[in-house]
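Asks: So that we are looking at the same thing, I have put the structure below in structure tokens.
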Amino acid sequence: MPDINLTIDGYKITVPAGTLIVEAAKTVGIEIPVFCYHHKLDPVGACRLCLVDFSPGPPRPQTACTTPVSEGMVVRTQSAMAVQARADILEFELANHPLDCPVCDKGGECPLQDFTFRHGYPTSRIDGPRLHFKKPIPLSDKIALDRERCVLCYRCTRYYDEVAWEQELTTDQRGVQSFITSQFDQPLQSIFSGNIIDLCPVGALTSRVWRFESRPWDMTSTATICSRCAVGCSVTQWQRRGQLVRVTSHENDDIDEGWICDRGRFDYTDVNDPSRLRAPSIGGMRSTWADAINAVAAGIKGKGAKLGISLPQDITNEEAFLFRRLLDGPLKGAKVKMHGRTAIPAPASETMRIREIDDARVLVVVASDLENDVPIIDLRVKKAVSKRGAKLIVVYPDGVDFDRNPSTVHIRNAKGQAAAEVRKLASHDLLTNPGGPVAILFGDGRGSEDIKELATACGDLAEKVGGKEMPLYRATNERGALAAGVAGWDSLDRVEALFSWGPPPTAGIPASVKFMAAWDHLPRAGYEKAVVLPAATFAERQGSYTNVEGTVQFLRPPIALRQPLMEGWQVLCELGTALGLPLDYVGIFPIQRELGIQAPEPGPAPTPVLVGPAHP
């Protein structure tokens with residue numbers, strides 16, 4: 001597409017054809033205030049706050065969020081007409097808005113506050129009774145709605161329609177009486193519902209988990225990686241006085257595009273659990289680290305196949321590297337079972353990247369319910385279908401959320417027969433002439449499929465249609481653990497000694513176990529007589545994960561580890577020494593150097609947006 005030349009407030013710029021004025025202004029650091037506009041949603045021009053003056057064009061303010069640039073256009077954001085129009089709109093927005101700022105969770109990071117200060121009238125000419133609603137409304141056990149604060153930007157309802165493909169939110173009544181409500185007053189069920197909290201430009205939608213907990217100015221935030229599944233979404237974790245109080249999204253267009261699932265957003269309260277394990281214990285009695293580690297070493301050394309080891313799904317690459325050395329040495333022959341992993345083997349070569357899903361013309365999803373297995377990839381597939389015109393074929397025995405789109409081709413195979421259905425797809429009408437890239441995403445059917453047969457069938461299909469494959473691992477660092485050779489799939493039945501790292505085995509503690517060591521951050525049933533080592537949580541750990549596409553991403557803990565807790569690599573080094581295998585590392589960086597991974601250099605600081613006054 002050709003580039004367009006235009007002028008904004010005296011700045012001559014060149015942008016691609018089709019760029020909206022509001023986006024063009026960002027390239028030169030000019031702020032055009034918006035409520036309804038969001039760069040991941042279709043523009044609607046509902047709030048009218050982005051009014052600007054431009055020529056050639058009619059002599060009236062027009063919305064910058066719905067108007068694409070044109071050759072030779074001259075845009076004036078600070079003309080008297082544009083400034084007064086925006087101030088008028090803000091006056092109307094505030095007509096029924098309550099003065100909840102002292103108690104509102106959005107206070108201190110609220111666009112309505114900021115825009116009123118920068119673009120609004122100093123006083124209001126409207127002096128009448130305000131509209132009142134019952135408040136707050138619990139939309140779910142995680143989200144509260146305050147209708148009095150809502151400015152009807154429709155970001156939340158549009159997100160549900162366009163991105164999540166759900167119909168859980170709608171608008172009721174008409175005119176000034178309009179309000180946001182759930183469909184048929186039912187609680188929100190979507191695992192993507194928490195994103196509407198980040199999308200809301202005012203304090204109308206807030207987290208009930210974080211409600212009245214803290215303020216933005218008394219928290220510190222850290223950009224890090226989510227530990228709840230294999231996608232590896234970028235998140236921001238907020239801490240206050242040593243406690244994790246909030247998790248929000250942190251946009252990474254290569255992976256998550258700024259969306260996270262509710263598991264990543266709300267499942268963090270265990271970090272602050274008052275019953276957290278803080279010190280080692282032996283048989284329920286508090287112990288020193290040295291005594292506990294020696295007791296663990298004595299109980300697991302030389303057991304061979306009689307030793308079972310349960311690994312957590314979020315083991316870091318650095319921990320996996322050290323653990324591999326233990327398995328090759330004093331723990332040789334032990335049975336290993338990794339929590340939450342699939343049966344999919346390590347990839348033989350480079351796999352498709354998440355971002356490449358956007359460009360696929362045909363998507364084939366096999367043996368996986370993406371919504372539960374890899375939630376944000378589910379949203380990526382929906383975007384490719386609804387916004388980029390891709391065709392979708394699903395091979396899965398049960399209903400999936402993609403069925404909401406009438407154009408989805410859903411082949412319901414019998415369990416264990418996915419490979420047979422995949423072999424038939426090469427002659428499918430959508431794949432005989434796809435018209436562009438083909439993406440094949442396959443899981444393991446939650447253990448119901450013969451994974452070797454299925455992987456071979458998907459590989460053959462990719463070769464025939466010229467497609468790319470993406471194996472859908474589920475465990476947080478499953479791909480990294482596979483690369484390290486520690487992602488075991490062994491049965492732990494009949495083991496005599498058990499080293500339970502993280503939560504106990506899903507199938508329970510085997511009855512044959514005579515010695516048990518647990519390395520966990522919470523007390524659980526079965527730990528009463530065990531040697532227990534306290535573990536750091538995801539909010540306190542350093543290290544890295546390898547996500548589903550093979551990208552290595554680094555953890556940045558928002559909370560400093562408090563003694564006597566130790567990081568995972570430290571515990572493994574001490575355990576190695578007790579087992580007769582010295583692991584002499586003075587920090588995590590020497591381990592990463594030996595692994596051959598290095599944290600990326602920080603990028604340049606973003607260009608600040610101009611926030612000068614624009615009062616009429």
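The values are calculated or read from the model by the stated rules, or taken from the named source; none is laboratory data. The shown structure was predicted, so the numbers you read here are calculated from the model rather than taken from an experiment. Please note: Cβ atoms are built from the backbone with ideal geometry, for glycine as well, and neighbour counts cover all protein chains shown. Please note that ligands, DNA and RNA were not included when accessible areas were found on the heavy atoms of the full protein model with its side chains. Shrake-Rupley method; radii C 1.70, N 1.55, O 1.52, S 1.80 Å.
Asks: Could you give me D for region 281-403, from Stokes-Einstein at 10 °C and 1.306 mPa s, where the hydrodynamic radius is the Kirkwood radius over C-alpha pairs? Units µm² s⁻¹, please.
Replies: Value of D from the Cα-based Kirkwood radius: 85 µm²/s.
Asks: Multiply the residue gap between Ala223 and Gln563 by 0.36 nm, knock off their C-alpha separation, and tell me the result in nm, one decimal place.
Replies: Once the chain is fully extended between Ala223 and Gln563, it gains 120.0 nm.
Asks: Could you state the accessible area per residue of region 1-106 in Å², with a 1.4 Å probe and every protein chain left in place?
Replies: 44 Å²
Asks: Which order do the peptides 566-572, 581-587 come out in when sorted by mean C-beta neighbours inside 10 angstrom, highest first?
Replies: For the peptides 566-572, 581-587, the packing ranking is 566-572, 581-587.
Asks: Checking the table Lys337/Lys383; Lys26/Lys383; Lys332/Lys415; Lys387/Lys415; Lys332/Lys452; Lys40/Lys415 against a 30 Å threshold on Cα-Cα, which pairs fail?
Replies: Beyond 30 Å: Lys337/Lys383; Lys332/Lys415; Lys387/Lys415; Lys40/Lys415.
Asks: Of all beta bridges DSSP finds with both residues in the chain, what is the antiparallel percent, to the nearest 5?
Replies: Roughly 55 percent of the DSSP beta bridges within the chain come out antiparallel.
Asks: Would you mind classifying region 172-213 by shape? Square roots of the alpha carbon gyration tensor eigenvalues, ordered a ≥ b ≥ c; an a/c under 1.5 is rounded, otherwise it is prolate if a/b is larger than b/c and oblate if not.
Replies: oblate
Asks: Follow-up. Determine Rg/Rh for region 360-498; Rg is computed over alpha-carbon atoms and Rh is the Kirkwood hydrodynamic estimate from the same atoms.
Replies: 1.01
Asks: Can you pull the percent of Cα pairs in region 1-98 with separation above 17 Å?
Replies: 48 percent
Asks: Right, something else. Calculate the spin-label point distance for Asp273 paired with Lys529, positioning each point 7 Å from the Cα along the beta-carbon direction, and give it in nanometres.
Replies: Computed distance between label sites Lys529 and Asp273 equals 2.3 nm.
Asks: Over region 145-271, what is the relative contact order in whole percent, taking alpha-carbon pairs under 8 Å and six or more residues apart?
Replies: Averaging sequence separation for qualifying contacts and normalising by length gives 20 percent for region 145-271.
Asks: Working out 0.36 nm times the residue gap between Asp114 and Leu581, then minus their Cα-Cα distance, what length gain in nm do you get to one decimal?
Replies: 162.2 nm
Asks: So how much slack lies between Thr432 and Asp141, counting 0.36 nm per residue of separation and subtracting their Cα-Cα distance, in nm?
Replies: 100.1 nm is the gain from fully extending Thr432 to Asp141.
Asks: So, one more: In whole percent, what relative contact order does region 336-475 give with Cα contacts below 8 Å and a gap of six or more residues?
Replies: 34 percent
Asks: May I ask for the net charge around Phe402, where only other residues with Cβ less than 11 Å from the Cβ of Phe402 are counted and Lys, Arg are +1 while Asp, Glu are -1?
Replies: -3
Asks: With a/c under 1.5 counting as rounded, go ahead and sort region 1-46 into rounded, prolate or oblate using the C-alpha gyration tensor (a ≥ b ≥ c being the square roots of the eigenvalues; past the cut-off, prolate if a/b is larger than b/c, else oblate).
Replies: oblate
Asks: When you count, for each residue, the other Cβ atoms within 10 Å and take the mean per peptide, how do 289-302, 363-376, 395-408 rank with the highest first?
Replies: 363-376, 289-302, 395-408
Asks: What FRET efficiency would be calculated for the residue pair Cys101, Lys464, taking the C-beta separation as r and a Förster radius of 56 Å, to the nearest 0.05?
Replies: With R0 = 56 Å, the Cβ-Cβ based efficiency is 0.35.
Asks: Can you list the residues of region 125-157 with backbone N under 19 Å from a point 7 Å past the Cα of Asp42, pointing along Cα to Cβ?
Replies: 153-157
Asks: How far is helix 375-386 tilted off the main Cα axis of the chain, in degrees rounded to 10, range 0 to 90?
Replies: Compared with the principal axis, the helix lies near 40 degrees.
Asks: Which value at 222 nm does the chain reach when only helices count, each DSSP H run of 4 or more adding -39,500 (n - 2.57), with the total divided by all residues and rounded to the nearest 500 deg cm²/dmol?
Replies: Estimated from H runs of four or more residues: -6000 deg cm²/dmol.
Asks: Another one. Given R₀ = 51 Å, what would the calculated FRET efficiency be for Lys301 paired with Ser349, taking r from the Cβ atoms and rounding to 0.05?
Replies: 0.85
Asks: While we're here: If each of Lys514 and Asn405 carries a label point 7 Å out from its Cα toward its Cβ, how far apart are those two points in nm?
Replies: 5.8 nm
Asks: Among 379-385, 245-251, how do they line up from the highest to the lowest mean number of other beta-carbon atoms within 10 Å?
Replies: Sorting 379-385, 245-251 by mean packing, highest first, produces 379-385, 245-251.
Asks: Hey, another quick one. Tell me, Kirkwood radius of the chain from alpha-carbon pair distances, in Å?
Replies: By the Kirkwood definition, the hydrodynamic radius is 27.1 Å.
Asks: To the nearest 10 degrees, how steep is helix 289-300 against the longest Cα principal axis of the chain, on a 0 to 90 scale?
Replies: Long axis of 289-300 versus the principal axis of the chain: about 60 degrees.
Asks: Evaluate the distance, in nm, between pseudo-label points positioned 7 Å from the Cα of Asp490 and of Thr456 along their respective Cα→Cβ axes.
Replies: Between Asp490 and Thr456, the label points sit 2.7 nm apart.
Asks: Helix 80-93 sits at what angle to the longest principal axis of the chain, using alpha carbons and giving 0 to 90 degrees rounded to 10?
Replies: With rounding to tens, the tilt is 60 degrees.
Asks: Given axes a ≥ b ≥ c from the Cα gyration tensor, I'd like to know whether region 442-562 is rounded (a/c under 1.5), prolate (a/b larger than b/c) or oblate.
Replies: Since a/c reaches 1.5 but b/c is at least a/b, the shape of region 442-562 is classed as oblate.
Asks: Something else: Can you pull the accessible area of Ile411 for me, 1.4 Å probe, Å² to the nearest 10?
Replies: Roughly 40 Å² of Ile411 is accessible to a 1.4 Å probe.
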